[in-house]
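Working notes for the structure below.
The values are calculated or read from the model by the stated rules, or taken from the named source; none is laboratory data. Fair warning: this is a prediction, and the values are worked out from it, not measured in the lab. Quick reminder, even Gly has a Cβ in these numbers, built from the backbone with ideal geometry, and neighbours come from all protein chains shown. Note: accessible area is taken over every heavy atom of the protein model, side chains too, but ligands, DNA and RNA are not part of it. Shrake-Rupley method; radii C 1.70, N 1.55, O 1.52, S 1.80 Å.
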Amino acid sequence: MKVLLIAGARPNFMKIAPIYRTSLKHNQIQCMIVHTGQHYDYEMSEAFFEDLELPKPDFFLEAGSGSHAVQTAKIMVAFEELCGKERPDLIIVVGDVNSTLACSVVAKKLLIKVAHVEAGLRSFDITMPEEINRMVTDAISDYFFVTEESGIANLIQEGKARDRIHFVGNVMIDNLFHQVGKLDGDRPNSFSTSEIKEKLGDYAFLTLHRPSNVDTKSAIREITDALNVIADKMPILFPVHPRTRKMMDKFNLNLSRNIHLFPPLSFKEALFLWKDAKVVMTDSGGLQEETTALSVPCVTIRENTERPITVNMGTNILAGTKRESILKAFTEAVANPNHQAEVPPKWDGKAAERIWKILLTPDL
Ligand code: UD1
């Protein structure tokens, strides 16, 4: 079985790592990695391949940044050409980024089967580009690999056949458990942030990059006002995404000196920091899940989440995006860190195994 495994943006790399690694155990599978080039800076891309023990991609499409239409179109043109040459039996797409949508549409029109890993998640917020990417990809996928039960319900609601929906668990968590194991073997002072971590003791860890949170001055001001208040009580470690960096410069924002800024960190270094944080504050999808898996309190700076299991079972508190609601959620998370900390079903490090088992079963 010849498979093209697609990745383009930073959160994709964590998801393809366990899928690729597990493919090597099955000699009937020829799994090749396609990097679309959606993310390209060393810190946003290559650093992750090194950290996650991924080989260099077999194919690099060099799409780069641009408007959604430009980026999606560039990926589609390059991927169509690649599919023509390679003629895969199947492509695997993960998550909800522009690369996910672009490659699934191209493959399906060439009558190549599409497997979507992390299918069925819905924020029901159509203003999010990721929600459009999820809906389009799920509209045409052949295999739906689902991380949580809400995904099954959403897909059935949209008319998908039950026998194409497979509740396999979460490859993001496969990767997390693998990396936590490796991190424990590393020397604790081997990162550039080791010293500040040691010095601060108690700290919050922050990531922020959603367009709805950072692209307008009013939205980002509302959030940074809250963060400045929080920083008076607890220092904040903040690796800054390139989009956010641009916006912070553009709007000339004032941040408390207790908010410590870093360039984007490698997967392992970020994990080294957030796993021991008093609280993680984020608008990322992946971190909502990863904090739940390690029972680290999480405040999600968004109005909605496509990952409701992290709120219903895990450590996640949906804070909204207003100054007062963020402050309230932070206080709640710190006051009551153990109020709820169950790990969702099948988040056990074996999702990639389940995916390949299903793909290797004839007639499924
Ligand atoms: C993308 C995904 C988002 C994901 C995020 C993780 C879509 C629609 N969005 O958003 O779901 O959560 O990645 O990071 O697919 N840039 C660089 N260097 C890079 C990459 C980007 O400087 O290596 C800058 C560019 O100026 C670009 C901006 O960051 O314009 C945004 O990048 P883009 O890939 O368009 O979207 P993200 O915000 O990263």
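Some observations on this one:
- Square roots of 5 times each gyration tensor eigenvalue, C-alpha, the range 150-237, largest first, Å: 35, 26, 10
- Enclosing the Cα atoms of the range 199-339 in their convex hull gives a volume equal to 99 cubic angstrom per residue.
- Rg then Dmax, both in Å and based on the Cα atoms of the range 36-90: 12.6, 32.
- Gaussian network model of the chain, springs between alpha carbon atoms under 10 Å - residue of Val114, Val229, Val240 with greatest fluctuation: Val229
- Net dipole in debye of the range 203-303 [+1 Lys, Arg Cβ; -1 Asp, Glu Cβ; about Cα centre; nearest 20]: 260 debye
- Note on the range 1-111: the C-alpha convex hull projects to 6.3 nm² when averaged across all orientations.
- Take every Cα pair under 8 Å whose residues are at least 6 apart in sequence, average their separation, divide by the length of the range 52-209, and the relative contact order is 15 percent.
- DSSP-defined antiparallel bridges as percent of all bridges, the range 129-264, nearest 5: 0 percent
- The alpha-carbon atoms of the range 83-133, seen along their principal axes, cover 37, 16, 13 angstrom, with the largest extent given first.
- Over 28 Å between alpha carbons, listed pairs Lys15/Lys74; Lys25/Lys197; Lys275/Lys350; Lys2/Lys350; Lys113/Lys357; Lys278/Lys322: Lys25/Lys197
- Counted charge near Ser218, where neighbours are those whose Cβ lies closer than 13 Å (Asp, Glu -1; Lys, Arg +1): +1
- As a fraction of the 1.4 Å probe accessible area of the chain, surface on carbon and sulfur atoms comes out at 52 percent.
- Residue among Met44, Ile91, Pro57 farthest towards the positive dipole end of the range 27-111, charges placed on Cβ: Ile91
- Convex hull volume per residue in cubic angstrom - Cα atoms of the range 194-260: 80 Å³
- GNM flexibility winner over the chain from Ala335, Ala73, Ala293 (Cα, springs under 10 Å): Ala335
- For the chain, the calculated P(r) over all alpha carbon pairs, in 20 Å bins from 0 to the bin holding the longest distance, is 30, 60, 10 percent.
- Loop GluC sites (Glu not before Pro), the range 315-352 (other Cβ atoms within 10 Å of the site Cβ: 15 or fewer; DSSP): Glu342
- With bins 10 Å wide beginning at 0, the percent of Cα pairs of the range 263-364 falling in each bin runs 15, 41, 28, 11, 5, 0.
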